[in-house]
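Note sheet for the following structure.
The values are calculated or read from the model by the stated rules, or taken from the named source; none is laboratory data. Please read all numbers here as calculations on a predicted model, not as lab measurements. Because the Cβ atoms are built from the backbone with ideal geometry, glycine has one as well, and the counts that use them run over all protein chains shown.
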Amino acid sequence: MKSKAKRFISLIVTLVMVFTVMSMTMVSMTAGAAGTKTYSKIKSYSVEYGGQTYCGYILVPEQPGKYPVNVVYCGTGGLKRWTDYSFDNWMNKWVDNGYIKPSIIVMPSVIDNGNNMASGVGTDYGMFSRNVRKQLGSMKEALLASEYSSYIDPRTDISVSGYSMGGCASLLAGTLYPKLYHNIGSLSPSHCYFTYDGSGWVKKAKDIIFSRSSRAKRLMSYSKSEGEPFISNFKTYEQLSRENGYRFKTYISKKDGHNVNLFYRQIFVYMYFLDHNTVLTDQQLEAMDYRG
């Protein structure tokens with residue numbers, strides 16, 4: 001009996017040692033992963049395709065592989081915010097913390113004011129719309145013709161999102177090309193997408209259509225702190241989409257006005273939704289260490 005007891009104790013000690021080594025290894029691996037960066041710096045890109053130039057900023061994972069693409073449209077402030085507000089740092093934190101999966105972020109330039117991509121479009125909503133329209137139909141082909149083609153998974157859909165006027169651009173993408181853009185993130189959209197007086201980018205309410213795909217993921221959001229007209233824009237677009245048979249998931253925040261802090265909240269919620277099929281609440285978001 002004593003011999004059996006000794007063998008049993010010896011087995012327990014061995015198992016404890018094995019589990020301890022495994023735990024230390026896992027902690028080490030986790031710490032190593034947390035210390036690495038998925039992305040380096042935001043880069044500019046320019047592609048000549050189909051007789052036109054596609055340009056903007058792009059964020060590509062450092063590790064070679066095949067990744068989905070998320071097109072993110074700016075608002076009237078232009079693209080300078082991507083570098084000024086260190087979007088790469090935020091993405092590194094979100095991916096390296098395991099909140100979202102790595103992807104390629106494409107931030108197209110829709111500015112024709114001679115100042116490259118640094119400044120905004122002012123109130124030239126027509127120019128913004130024209131440039132968005134010119135890009136949408138062949139965006140995927142243009143990206144596959146770029147130097148980053150080896151990183152792009154051609155089997156996956158391109159997701160499209162945008163903030164403010166970019167939120168209208170994402171809705172327009174889904175409406176004009178429902179078979180190309182299934183996933184849409186319309187973040188605090190402005191008034192340009194549709195107006196009842198017919199002056200919007202989409203002229204008739206019946207033309208508000210989106211993908212019928214069962215895998216389509218659509219999110220629309222705004223903050224109560226923004227005030228008008230963003231609350232009305234959200235309610236109008238959400239209601240008309242629903243009446244036409246298209247459902248959007250919604251994220252309604254109580255925090256932040258119409259500023260970059262709200263953009264980061266909303267784009268994180270959208271990307272999390274793409275990967276987890278769950279829309280976070282303000283409470284859940286605040287419980288996460290999501291700030292870059």
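Would you check if there is a residue in region 276-291 being closer than 18 Å to S159 by Cα, crowded, with 21+ Cβ neighbours inside 10 Å and hydrophobic (A, V, I, L, M, F, W, C)? Reasoning before the result, please.
Of the residues in region 276-291, the ones closer than 18 Å to S159 by Cα are 276-279.
From the residues that got through so far, the ones that are crowded, with 21+ Cβ neighbours inside 10 Å too are none.
Within region 276-291 (the criterion being closer than 18 Å to S159 by Cα, crowded, with 21+ Cβ neighbours inside 10 Å and hydrophobic (A, V, I, L, M, F, W, C)), the answer is no, since none of the residues qualifies.
Would you mind stating whether Y251 is under 21 Å from the mean Cα position of the chain (by Cα), closer than 24 Å to N89 by Cα and outside any loop (DSSP other than H, G, I, E, B)? Talk me through it step by step, then tell me what you get.
Numbers: under 21 Å from the mean Cα position of the chain (by Cα): yes; closer than 24 Å to N89 by Cα: yes; outside any loop (DSSP other than H, G, I, E, B): yes.
In short, yes.
Consider S161 carefully, then state whether it is farther than 30 Å from G257 by Cβ, buried (at least 18 other Cβ atoms within 10 Å of the Cβ) and modelled with pLDDT of 95 or more. Working first, answer last.
On the way: farther than 30 Å from G257 by Cβ: no; buried (at least 18 other Cβ atoms within 10 Å of the Cβ): yes; modelled with pLDDT of 95 or more: yes.
Considered against the rule, which asks whether it is farther than 30 Å from G257 by Cβ, buried (at least 18 other Cβ atoms within 10 Å of the Cβ) and modelled with pLDDT of 95 or more, S161 comes out as no.
In region 183-204, how many residues are in contact with a helix residue (DSSP H, G or I) (Cβ under 8 Å, 6 or more places away or on another chain) and either part of a strand (DSSP E or B) or under 19 Å from R133 (Cα atoms) (or both)?
13
Which numbered condition in (1) touching a residue at least 40 places away in the same chain (Cβ under 8 Å); (2) within 17 Å of the chain's Cα centre (by Cα); (3) farther than 27 Å from A205 by Cα is the only one that Y270 fails?
Among (1) touching a residue at least 40 places away in the same chain (Cβ under 8 Å); (2) within 17 Å of the chain's Cα centre (by Cα); (3) farther than 27 Å from A205 by Cα, Y270 violates only (3).
Is at least one residue of region 127-139 of a type in the set (F, W, Y) and closer than 30 Å to P64 by Cα? Before the answer, list the steps.
Within region 127-139, the subset of a type in the set (F, W, Y) is 128.
Okay, now just the ones that are also closer than 30 Å to P64 by Cα, so none.
Within region 127-139 (the criterion being of a type in the set (F, W, Y) and closer than 30 Å to P64 by Cα), the answer is no, since none of the residues qualifies.
I'd like the full set of residues that are out of contact with any Lys or Arg (no Cβ under 7 Å at 6 or more places or on another chain), surrounded by 12 or more Cβ atoms within 10 Å (Cβ to Cβ) and closer than 23 Å to Q266 by Cα, limited to region 212-228. Give the derivation first.
First, the residues of region 212-228 that are out of contact with any Lys or Arg (no Cβ under 7 Å at 6 or more places or on another chain): 212-217, 220-222, 226-228.
Now drop any that are not surrounded by 12 or more Cβ atoms within 10 Å (Cβ to Cβ), which leaves 213, 216-217, 220-222, 226-227.
Once the filter is applied, which keeps residues that are out of contact with any Lys or Arg (no Cβ under 7 Å at 6 or more places or on another chain), surrounded by 12 or more Cβ atoms within 10 Å (Cβ to Cβ) and closer than 23 Å to Q266 by Cα, region 212-228 yields A216, K217, M220, S221, Y222, E226, G227.
State which residue is surrounded by the fewest Cβ atoms within 10 Å (Cβ to Cβ) when the search covers only region 233-267 and only residues that are in contact (Cβ under 8 Å) with a residue 40 or more places away in the chain and of a type in the set (S, T, N, Q).
Restricting to residues being in contact (Cβ under 8 Å) with a residue 40 or more places away in the chain and of a type in the set (S, T, N, Q), the top hit is T236.
Determine the pairs where a residue that is under 21 Å from E226 (Cα atoms), located within region 172-199, has a partner that is modelled with pLDDT under 95 and acidic (D, E) with Cβ atoms under 8 Å apart, the partner being 6 or more residues away or on another chain.
S188/E226
Please find, among Y85, Y67, the residue that is closer than 26 Å to C192 by Cβ, modelled with pLDDT of 70 or more and touching a helix residue (DSSP H, G or I) at 6+ places or on another chain (Cβ under 6 Å).
Within the list Y85, Y67, the selection yields Y85.
Has region 197-210 got any residue that is over 13 Å from the mean Cα position of the chain (by Cα) and under 19 Å from N277 (Cα atoms)?
Start the filter on region 197-210 by keeping residues that are over 13 Å from the mean Cα position of the chain (by Cα), which leaves 197-210.
When the remaining residues are screened for being under 19 Å from N277 (Cα atoms), the result is 210.
There is at least one residue in region 197-210 that is over 13 Å from the mean Cα position of the chain (by Cα) and under 19 Å from N277 (Cα atoms).
Within region 225-240, is even one residue assigned to a loop (DSSP other than H, G, I, E, B), within 22 Å of the chain's Cα centre (by Cα) and among the aliphatic types (A, V, I, L, M)?
No - not one qualifying residue is present in region 225-240.
I'd like to verify a number: residues in region 96-106 that are farther than 13 Å from I267 by Cβ and either in contact (Cβ under 8 Å) with a residue 40 or more places away in the chain or not in a loop (DSSP other than H, G, I, E, B) (or both), how many? I'd like the intermediate steps shown before the answer.
From region 96-106, those farther than 13 Å from I267 by Cβ are 96-98, 101-102, 104, 106; that's our starting set.
Still in the list and also either in contact (Cβ under 8 Å) with a residue 40 or more places away in the chain or not in a loop (DSSP other than H, G, I, E, B) (or both): 96-97, 101-102, 104, 106.
Summing the residues that are farther than 13 Å from I267 by Cβ and either in contact (Cβ under 8 Å) with a residue 40 or more places away in the chain or not in a loop (DSSP other than H, G, I, E, B) (or both) in region 96-106 gives 6.
Conditions (1) of a type in the set (A, V, I, L, M, F, W, C); (2) in a loop (DSSP other than H, G, I, E, B); (3) buried (at least 23 other Cβ atoms within 10 Å of the Cβ), marked per residue:
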{"residue": "R133", "(1), (2), (3)": "no, no, no"}
{"residue": "K140", "(1), (2), (3)": "no, no, no"}
{"residue": "L143", "(1), (2), (3)": "yes, no, yes"}
{"residue": "P154", "(1), (2), (3)": "no, yes, no"}
{"residue": "D157", "(1), (2), (3)": "no, yes, no"}
{"residue": "A169", "(1), (2), (3)": "yes, no, yes"}
{"residue": "G174", "(1), (2), (3)": "no, no, yes"}
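Of all residues in region 214-223, which are at pLDDT 95 or above and either more than 14 Å from P189 (Cα to Cα) or not aliphatic (A, V, I, L, M) (or both)? I'd like the intermediate steps shown before the answer.
Of the residues in region 214-223, the ones at pLDDT 95 or above are 216-223.
Within region 214-223, A216, K217, R218, S221, Y222, S223 meet the criteria.
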